[in-house]
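Here's the structure, in structure tokens; my notes come after.
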Amino acid sequence: MFLSPRLRASAVQIFLFLVMAFVAGALLPQIANAQTPGPSPKYGLPFAAEPGPNTWQLGQFYGNTTGAFARRVEWYAAGQGIHFGIDFSAKCGTQVVSIGDGVVVGVDNLAHGSAPHNLIIAHPEGYNSLYGHLLKRPDLKVGDVVKKGQPVALTGDPDLTCTSRPHLHLEIRSKDMSRAYNGHTLIDADWDALMLVGAFGRGFQRDLDDPRKWQNLLDQPSITFGGSFINEFKHNWPQDWK
Amino acid sequence: MKKTLALRLLKAAGALRPTMKKTLALRLLKAAGALRPTMKKLFALALVLALPACAPKPTPAMPSPQPPTPTSQSPAPSPQSPTSAPQLPTPSPQPPTPTPEPKIKFTQLTQGGCCVQPSFSPDGARALYLDKPSANAQTGIYAVPINQPLSQPQFVIAHPGPFSADMRYAEDLIGGRTVITRLADGVAWVIPSGGRRASFSPDATRITWSVGEETGGFDVRKNDIYVADVDGKNAKLIATRYGGGVMAWMPDSKQILLGGKEKRADKLAKIGVMDLATGAVRPLFEAERLRNTLLSPDGKWLVYLLTASENGAGGTFVIPLDGSSAAPRQLDIFGAFQWRDGSHLLYIPLKVNAPSSELWQIDAQTGAMTQLIAAAPDSPFKIGGGDWDVSPDGNSILYLNARDRNIWVASLR
């Protein structure tokens, strides 16, 4: 069959693209699992104890919470206006454990926030976990290897009083620390049970033009640090009360 | 264009998460960046064929809610007391008693993963929720009659709230000012709260709001508490508290439950009932790290959760507000609670990884506990997102079903 050089070249390109697409189809699950929150949670909770009135409670969820919207400028501007971590209420000095196997890559690196003390652990799956508002500088150094469930820090209070808002702020970030992911999709926990007690505020902020958007704990957006607000909807609810 | 085309095709390709779709599409398009338009379409077509392999593995099968009919009967509570069942330690522990023959019925009210934060209408006949059911529909409060499950949702009102309890008034923030609208005739007025949200009294004749400091520890921030008539007139500063404020209106609309430190240097918050006519406060108890306070519908009991602090242990407590000097009674429970009536609590224990939620009833006077719903793998009673609401008559629970993210109702009798 005669084909012009241009058509022959196009046919070759089509064939190559089909091959590429097939290969991509085979490889993409691995790519996706390595670089975005996958469907199977990998990590554990940051406490060894069960939740309770004398141990810890879920405080504020990850995502576009009503509380984060209310303080999007004051506290969460760096994270595009949403709560870019998970808060666990616990009295000062409560032992925190690593959510997974990893290597310490930051101790009191306050360029990444969560003063007065923080800890960053790199995990082999491509995520970093950040433990913030710690009571004191963790007794670890960069390069230390930690195991899942190993005690690594003590909870503190960002207001330095232990009576204002003592809690652990836990973030799951990209390896380069530029993005934060929804930890609820990466930590293996019964979140619906944990949500029964202790959450501050009620639910997630609504975009009245799309009120079903981001209303599920597991359906919250990842953010890029330094990006613009993603929750300044034209019609917000609850409203921006003073 | 690249992004749009790829996302459309990826959407058609399978059940990928939105973030995965974007990431994958952009990654592939970057690789195919130099393509001519016709080649891009072919490339995308090939992706449609290839991408089903990328779909996430199916999650372990959840117990099916209740196909094919949307109603079911409760799994019977275990005839034996669960070993981990809550017990009341004081003054005389009473073993939890399973109800012999529960008549609990579960009914699915909405479908398609709709919606969150349901609440009963004031008459208890409808489930209300905020929604926009379709792209062309109006956003607002929608309703499904409790006795017409899965029926077409009824549009109720465009205003999303907040409302007074009787839904006579709604509140708005307009131009930085708080506006109350009487819904019957649309008459609206500004109240002097300076853009702060006000709370309606139960009879909707009065409002209260707080003007607080915006810096400093949350447990010591100063709050000035105001009360006014619902029209905004006769506004009056009634109290100042540190790290606290109005916790609830009492049912008579003449008193408020007040909490917080009287002085900034105080160690503990004081909780008491203030008579708005005289300003006198009847003290109840002192506490730190007080959360989840809930007044009984008749105002005779208060239940609250204390979490552990530097100064003491945590727990769940009930205290009578009848004027007696009874001390708070600790309940050996940890979970979500709401009042069923003037003297009974409904309680859902926080049990991680349980097959479903349990429901218990607690007598505030005696502490006796009765299990109404037991956990079971095939139970449709798994509360999602902490969303549940008790009907005005105490006989039904609206809840977000964690299994299908739809709104269900559990009829308790």
Answer residue from the stretch B:198-223, given it is hydroxyl-bearing (Ser, Thr, Tyr) and more than 23 Å from the chain's Cα centre (by Cα) and is farthest from the other protein chains (Cβ to nearest Cβ) among those: B:THR205
Checking A:PHE204 against (1) at pLDDT 95 or above; (2) within 15 Å of A:PHE69 (Cβ to Cβ); (3) surrounded by fewer than 23 Cβ atoms within 10 Å (Cβ to Cβ), which test does it fail? (3)
All conditions in (1) within 12 Å of chain A (Cβ to nearest Cβ); (2) surrounded by 17 or more Cβ atoms within 10 Å (Cβ to Cβ); (3) in contact (Cβ under 8 Å) with a residue 24 or more places away in the chain; (4) under 27 Å from A:LEU217 (Cβ atoms) are true of B:PRO153 except (1)
Assess whether B:GLY312 counts as being modelled with pLDDT under 95 and either more than 7 Å from chain A (Cβ to nearest Cβ) or touching a Gly at 6+ places or on another chain (Cβ under 6 Å) (or both). yes
Within 29 Å of B:ASP363 (Cβ to Cβ), buried (at least 18 other Cβ atoms within 10 Å of the Cβ) and either touching a Pro at 6+ places or on another chain (Cβ under 9 Å) or modelled with pLDDT of 95 or more (or both): does that describe B:VAL230? no
Against the definition (modelled with pLDDT of 95 or more, more than 13 Å from every other protein chain (Cβ to nearest Cβ) and part of a loop (DSSP other than H, G, I, E, B)), how does B:GLN138 come out, yes or no? no
Among the residues that make up the stretch A:208-224, is at least one of them open to solvent by 20 Å² or more (accessible area, probe 1.4 Å), within 13 Å of chain B (Cβ to nearest Cβ), touching a strand residue (DSSP E or B) at 6+ places or on another chain (Cβ under 7 Å) and not in a loop (DSSP other than H, G, I, E, B)? yes
Selection within the stretch A:91-131 - part of a loop (DSSP other than H, G, I, E, B) and open to solvent by less than 10 Å² (accessible area, probe 1.4 Å): A:SER98, A:ILE99, A:GLY100, A:ASN118, A:HIS123
Return yes or no: is B:GLY394 of a type in the set (Gly, Ala, Ser), within 19 Å of the chain's Cα centre (by Cα) and closer than 21 Å to A:GLN220 by Cβ? no
Among (1) part of a loop (DSSP other than H, G, I, E, B); (2) open to solvent by 20 Å² or more (accessible area, probe 1.4 Å); (3) at pLDDT below 95; (4) farther than 29 Å from B:ASN292 by Cα, which single condition is A:VAL23 missing? (1)
Where residues in the stretch A:225-242 are among the hydrophobic types (A, V, I, L, M, F, W, C) and within 11 Å of chain B (Cβ to nearest Cβ), which of them is nearest to A:MET177 (Cα to Cα)? A:TRP237
I'd like to check something: does the stretch B:315-334 contain any residue that is outside any loop (DSSP other than H, G, I, E, B), open to solvent by 10 Å² or more (accessible area, probe 1.4 Å) and within 14 Å of another protein chain (Cβ to nearest Cβ)? yes
For A:ALA180, all conditions in the list (1) outside any loop (DSSP other than H, G, I, E, B); (2) among the small types (Gly, Ala, Ser); (3) out of contact with any Ser or Thr (no Cβ under 7 Å at 6 or more places or on another chain); (4) crowded, with 22+ Cβ neighbours inside 10 Å hold save one; what is the number of the exception? (3)
If we scan the stretch B:342-355, do we find a residue that is open to solvent by 20 Å² or more (accessible area, probe 1.4 Å), part of a strand (DSSP E or B), hydroxyl-bearing (Ser, Thr, Tyr) and out of contact with any Cys (no Cβ under 9 Å at 6 or more places or on another chain)? no
Residue in the stretch B:284-302 that is farthest from the chain's Cα centre (by Cα), counting only those that are within 14 Å of chain A (Cβ to nearest Cβ) and in a loop (DSSP other than H, G, I, E, B): B:GLU288
Looking only at the stretch B:179-195, count how many residues are touching a residue at least 24 places away in the same chain (Cβ under 8 Å) and within 23 Å of A:ASP207 (Cβ to Cβ). 0
Could you go through the stretch A:94-106 and let me know if any residue there is over 18 Å from A:PRO151 (Cα atoms) and out of contact with any Pro (no Cβ under 7 Å at 6 or more places or on another chain). no
For the condition at pLDDT 95 or above, within 12 Å of chain A (Cβ to nearest Cβ), on the phi > 0 side of the Ramachandran plot and open to solvent by less than 40 Å² (accessible area, probe 1.4 Å), what is the one hit in B:GLY195, B:GLY176? B:GLY195
Counted residues in the stretch B:95-135 being part of a strand (DSSP E or B) and either at positive phi or at pLDDT 95 or above (or both) come to 12
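The values are calculated or read from the model by the stated rules, or taken from the named source; none is laboratory data. Just so it is clear, the structure is predicted and the values come from calculations on it, not from any experiment. Heads up, the Cβs are rebuilt from the backbone with ideal geometry, glycines too, and the neighbour counts pull from every protein chain shown. The area values use the complete protein model at the heavy-atom level, side chains included, leaving out ligands, DNA and RNA. Shrake-Rupley method; radii C 1.70, N 1.55, O 1.52, S 1.80 Å.
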